[in-house]
Amino acid sequence: MKVNWSFFLALPFYSIFVFFFFLPLVLTFVVSFWDYTDYSIIPDFILSNYHYIFEGCLSFADEPCLTFRTYASTLFFCLFTWFFTLILGFTVSFFLAFHVRSTPLQIGLFLLCTIPFWTSNVIRMVSWIPLLGRNGMFNDFLLNFNIIETPVDWFLFSPFSVLVAFVHLYTLFMIVPIFNSMMRIDRSLIEAAFDAGASQYQILIGVIIPLCKPGILIGSIFVITVVMGDFLTIGIMGGQQIASIGKIIQVEMAYLQLPAAAANAVILLVVTLLMIFLMTRIIDIRREL
């Protein structure tokens, strides 16, 4: 009898995947059907947690229900964060890959991009408060140059400040995979396109961007999955005034409403996986890699 040694070699990976990924998801799904009171969690099989989430959402009233409004707010931040991080990440990666010729300088500039990650997310978010505040540096600059007459209030504790923090925190998640894809591009393809008479714009659109699709997709998945579940950034930079699905789950967990939080987490997971599925239908990452 021939022993399949490859299975035993992969067994540690299977174990980690099952115990730290699959089982927590299964437990979350199971708990989402449990009942609860103010003081206890009751193992049961009820649908009231999901019914409460979608209550009034299918009545087609003039105003969308709370769940739809919350998801709309979350998707708003997700979409715009993805857009700005993609633009910045692609630009930085393009500069490092095609305009910096020295490998040591490439490494040095790439490490420079990672400097913000040397501190915690909270510190990086808090550092924006003295810049965006009513008496902060940005308002002082605009006032000193007579660009505005009174301080701008919406710089801080607003959707604008949340987007600024998101882009600051997660642009590196775009830079790394896109830069990796660009470094794998055969430079002879670009030279051939240039010799054939293609302009720099045509080379960018017809050669570089198509070959960077795997990196763009991987970076997009990173950014979207993190932003969809984020509650800390929205809470701090939004002044606890902006709703998000992650914030709802965090509040429910704080009040020990674990079955309700689990139900919201299951729905959030389904929505996020659906978004990833649609992206992978647009770009077949297995074929591109």
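Some notes on this structure:
- Test: residue 151 is at pLDDT 85 or above, over 28 Å from the mean Cα position of the chain (by Cα) and either surrounded by 12 or more Cβ atoms within 10 Å (Cβ to Cβ) or closer than 18 Å to residue 226 by Cα (or both): yes
- Residue 131 surrounded by fewer than 17 Cβ atoms within 10 Å (Cβ to Cβ), assigned to a helix (DSSP H, G or I), within 28 Å of the chain's Cα centre (by Cα) and at pLDDT below 90: yes
- If only residues of region 88-101 that are in contact with a helix residue (DSSP H, G or I) (Cβ under 9 Å, 6 or more places away or on another chain) and without any contact (Cβ under 8 Å) to a residue 24 or more places away in the chain are counted, the one that is surrounded by the fewest Cβ atoms within 10 Å (Cβ to Cβ) is 95.
- Residue among 3, 100 that alone is more than 30 Å from residue 252 (Cβ to Cβ), more than 25 Å from the chain's Cα centre (by Cα), in a loop (DSSP other than H, G, I, E, B) and at pLDDT 85 or above: 100
- Helices (runs of 4 or more DSSP H) completely within region 173-289 that count 2 or more residues being surrounded by 19 or more Cβ atoms within 10 Å (Cβ to Cβ) and touching a residue at least 12 places away in the same chain (Cβ under 8 Å): 213-229, 232-237, 245-254, 258-282
- Once region 152-172 is narrowed to residues that are in a loop (DSSP other than H, G, I, E, B) and among the aromatic types (Phe, Trp, Tyr), the residue that is nearest to residue 237 (Cα to Cα) is 157.
- Members of region 134-151 that are touching a helix residue (DSSP H, G or I) at 6+ places or on another chain (Cβ under 6 Å) and either part of a loop (DSSP other than H, G, I, E, B) or in contact (Cβ under 8 Å) with a residue 40 or more places away in the chain (or both): 136, 148, 151
- Restricting region 31-48 to residues that are surrounded by 14 or more Cβ atoms within 10 Å (Cβ to Cβ) and not in a loop (DSSP other than H, G, I, E, B) leaves a set whose member that is modelled with the lowest pLDDT is 41.
- Checked against (1) surrounded by 17 or more Cβ atoms within 10 Å (Cβ to Cβ); (2) modelled with pLDDT of 90 or more; (3) not hydroxyl-bearing (Ser, Thr, Tyr), residue 79 passes all but a single condition, namely (1).
- Of residues in region 6-30 being at pLDDT below 90 and in contact with a helix residue (DSSP H, G or I) (Cβ under 9 Å, 6 or more places away or on another chain), the one nearest to residue 261 (Cα to Cα): 14
The values are calculated or read from the model by the stated rules, or taken from the named source; none is laboratory data. Note that the structure is predicted; figures quoted are calculated from it, not measured. Cβ sites come from the backbone with ideal geometry, for glycine too, and all protein chains shown count toward neighbours.
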